[in-house]
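Asks: Please find one structure pasted underneath; my questions will follow.
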Amino acid sequence: MKRFILHCDLDAFFASVEVRDNPNYQNSPVIIGADPKDGKGRGVVSTCNYEARKFGIRSAMPISIAYQRCPQGIYLRPNFNKYNQASNEVMKIIKSFSSKFQQVSIDEAYIDISESCDTFDEVQELMLNLQQKIHDSVGITISIGCASSKSIAKIASDFKKPNGITIVRSEEIKEFLSPMDITRIPGIGKKSKKYYNNQGIRVIGDLINIPLHKMVQKFGKSGNLIWEIVNGLDKREVKNSKEYRKSISKERTFYKDTNDFQEIISKFDEIIEKLHNKVKQDNIYFKTITLKIRFEGFITYTRSKTLPYPTQDKEKAINIILELYQEFSKDKRKIRLVGIKISNLSSRSKVIQKDLLSYVND
């Protein structure tokens with residue numbers, strides 16, 4: 001039986017939503033992230049549209065460098081409430097096309113359409129209908145890749161961005177992948193790329209020609225998985241899951257490096273408040289909370305604490321962060337960035353939590 005798996009990836013999602021809501025931004029470079037402060041900003045780029053990428057701007061780039069490259073760009077702070085709403089609308093549409101639906105991030109999802117399509121012509125028609133429905137209903141574009149495996153479908157969705165459709169038949173996989181840089185394989189990033197390059201491996205075609213036993217000898221367990229991916233043998237199923245997030249985190253970069261206790265505590269309060277609003281909105285509970293401290297010179301530390309039960313308690317989160325911060329409170333180095341992450345997420349608490357109204361009525 002043929003497998004038709006789609007990977008659906010929204011195009012420059014945050015920026016696309018902003019352009020949708022502000023037609024004057026059309027055809028202009030739009031950068032979402034920290035305030036550039038005329039090139040003196042301290043944060044990073046969250047994402048940007050394709051016009052901005054022509055200037056060499058990319059996600060996680062320091063906002064000051066982005067401003068140097070494109071001072072005429074439109075710089076916006078992220079509006080996550082708006083992005084979450086748009087994402088929910090898109091995911092509802094994608095889910096309507098298949099009972100096998102897996103959301104993997106705010107702007108990505110897989111669906112398995114094997115039961116509703118018998119031919120590639122039917123697959124293409126479905127993909128075009130899905131694209132059109134999202135554009136008509138939500139006002140943004142999406143790129144979709146189709147293949148017999150999740151990994152190849154993901155690579156395919158990135159092949160003709162933006163608003164592209166790419167179908168990779170099983171017999172075309174090797175020809176499709178061979179000329180691509182090895183970083184197109186999910187899991188191989190810039191750091192691991194150097195290791196592969198040192199082994200004489202630069203494009204995926206170099207991997208395809210290596211027998212499985214040699215891949216395992218060279219790269220261990222990951223070699224087996226990579227071999228399966230590039231040969232179209234990745235059999236992972238599309239998992240129906242409501243909870244796609246493993247963690248939620250937020251960071252704040254100070255305008256100037258600081259060791260002012262009150263300024264640092266104020267940032268903790270700001271981040272905790274935003275995380276609290278998110279967990280209440282999505283009815284999420286967490287067990288683990290992590291503090292991230294980045295000192296001047298980009299020296300970074302993380303410290304975590306795990307509770308015995310899931311919670312949404314904001315005061316408890318603040319107390320834990322202050323407890324974790326004690327280790328660094330007497331450090332004379334100035335702090336550049338603070339971040340907080342909540343993880344071990346679940347959809348319900350195993351303990352009964354009383355809100356303020358409950359206590360009043362007792």
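Read-outs throughout are calculated quantities, based only on the coordinates presented, and are distinct from any laboratory measurement. Since we're looking at a predicted model, the values are computed, not measured. Counting neighbours? That spans all protein chains shown, and the Cβs are built from the backbone with ideal geometry, glycine included.
Asks: Excluding residues fewer than 8 places away in the same chain, name every one of the aspartates and glutamates whose C-alpha is closer than 19 Å to that of K221.
Replies: Once the sequence-local aspartates and glutamates are set aside, what remains near K221 is D206, D234.
Asks: Tell me, Kirkwood radius of the range 176-234 from alpha-carbon pair distances, in Å?
Replies: Every distinct Cα pair counted, the radius reaches 11.2 Å.
Asks: With each label point set 7 Å from Cα along the Cα-Cβ vector, what nm distance links R169 and D206?
Replies: For the pair R169/D206, the computed spacing is 3.1 nm.
Asks: Restricting to DSSP H runs of at least four residues, report the calculated mean residue ellipticity at 222 nm for the chain, -39500 (n - 2.57) per run over all residues, nearest 500 deg cm²/dmol.
Replies: The per-residue figure over the chain is -11500 deg cm²/dmol.
Asks: If you don't mind, there's one more thing I want to ask. How high is the relative contact order of the chain, in percent, with contacts defined as C-alpha pairs under 8 Å that are six or more residues apart?
Replies: 15 percent
Asks: Listed here are the pairs K92/K274; K267/K341; K246/K287; which of them are more than 18 Å apart at the Cα?
Replies: Pairs exceeding the cut-off: K92/K274.
Asks: At q = 0.17, 0.20 Å⁻¹, work out log10 I(q)/I(0) for the range 161-277 with the Debye formula, treating every Cα as an identical point scatterer and leaving solvent out; two decimals please.
Replies: Treating every Cα as an identical point scatterer, log10 I(q)/I(0) equals -0.90, -1.09.
Asks: What is the distance in Å between the Cα centroid of the range 44-59 and that of the range 76-153?
Replies: 23 Å
Asks: Using 0.36 nm times the number of residues separating E122 and T306, minus their current alpha carbon distance, what extension gain do you get?
Replies: This chain segment gains 61.3 nm when fully extended.
Asks: Considering amide H positions built from the backbone, and no H for Pro or chain starts, which residues 5 or more places from T47, or on another chain, come under 5 Å of its amide H?
Replies: Under 5 Å from the amide H of T47: I32.
Asks: So, one more: Among 196-202, 177-183, 99-105, how do they line up by average Cβ neighbours within 10 Å per residue, starting with the highest?
Replies: The densest-packed peptide leads the list: 99-105, 177-183, 196-202.
Asks: Taking the beta-carbon count within 10 Å as an exposure proxy, list S16, S46 from fewest neighbours to most.
Replies: S46, S16
Asks: Separate question: Based on the Kirkwood radius over alpha-carbon pairs, what value in µm²/s does the Stokes-Einstein equation return for the translational diffusion coefficient of the range 1-168 at 20 °C and 1.002 mPa s?
Replies: Reported coefficient: 129 µm²/s.
Asks: Give me the extension gain from I299 to E89: residue separation times 0.36 nm, minus the current Cα-Cα distance, reported in nm with one decimal.
Replies: 71.6 nm
Asks: Within the set of other residues whose C-beta is less than 10 Å from the C-beta of T166, count the net charge using Lys and Arg as +1 and Asp and Glu as -1.
Replies: Local charge sum for T166: +1.
Asks: Calculated FRET efficiency, Q217 and R58, Cβ-Cβ r, R0 30 Å, to nearest 0.05? Numbers along the way, then the final one.
Replies: Working: r = 35 Å, r/R0 = 1.17.
Efficiency, rounded to the nearest 0.05: 0.30.
Asks: For D158 paired with K256, estimate the spin-label separation in nm (one decimal), with each label point 7 Å from Cα along the Cα-to-Cβ line.
Replies: Between D158 and K256, the label points sit 4.1 nm apart.
Asks: Which translational diffusion coefficient, to the nearest whole µm²/s, is obtained for the chain from the Stokes-Einstein equation, given a Kirkwood hydrodynamic radius over C-alpha pairs, 25 °C and 0.890 mPa s? Kindly include the intermediate steps, with their values, before the conclusion.
Replies: Details: Rh = 23.0 Å.
Approximately 106 µm²/s, per Stokes-Einstein.
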